[in-house]
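Participant: Shown below is the structure under consideration.
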């Protein structure tokens, strides 16, 4: 019988483990996007489709910055998203 430690060292195990980590991170990021969209809807009401689409393109760091800024935003959500897009391009 293969020992657990030997199994963990196998390339197949490592590949499966890496794939699981990537999928977990992707799911987590999707959850963060959905949560941010929900919070913004509660704060601002219905969001324009282009704003929702823009939120779905944000990466983890941008989502974290938006979460920090959420309580300071008044009507400047579109401006914030535009600035985040420019920052991501640099």
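Participant: Could you run through region 75-85 and say how many residues are modelled with pLDDT of 70 or more and surrounded by fewer than 11 Cβ atoms within 10 Å (Cβ to Cβ)?
Facilitator: The qualifying residues number 1.
Participant: Counting just the residues of region 63-74 that are touching a helix residue (DSSP H, G or I) at 6+ places or on another chain (Cβ under 8 Å) and either closer than 15 Å to residue 33 by Cβ or in a loop (DSSP other than H, G, I, E, B) (or both), which one comes out modelled with the highest pLDDT?
Facilitator: Out of the qualifying residues, it is 63.
Participant: Check whether at least one residue in region 53-62 is part of a helix (DSSP H, G or I), surrounded by 10 or more Cβ atoms within 10 Å (Cβ to Cβ) and either modelled with pLDDT under 90 or over 14 Å from the mean Cα position of the chain (by Cα) (or both), and report yes or no.
Facilitator: No: region 53-62 contains no residue that is part of a helix (DSSP H, G or I), surrounded by 10 or more Cβ atoms within 10 Å (Cβ to Cβ) and either modelled with pLDDT under 90 or over 14 Å from the mean Cα position of the chain (by Cα) (or both).
The values are calculated or read from the model by the stated rules, or taken from the named source; none is laboratory data. Since this is a predicted model, take the numbers as computed values, not measurements. Every residue, glycine as well, gets a Cβ built from its backbone with ideal geometry; the counts of neighbours run over all protein chains shown.
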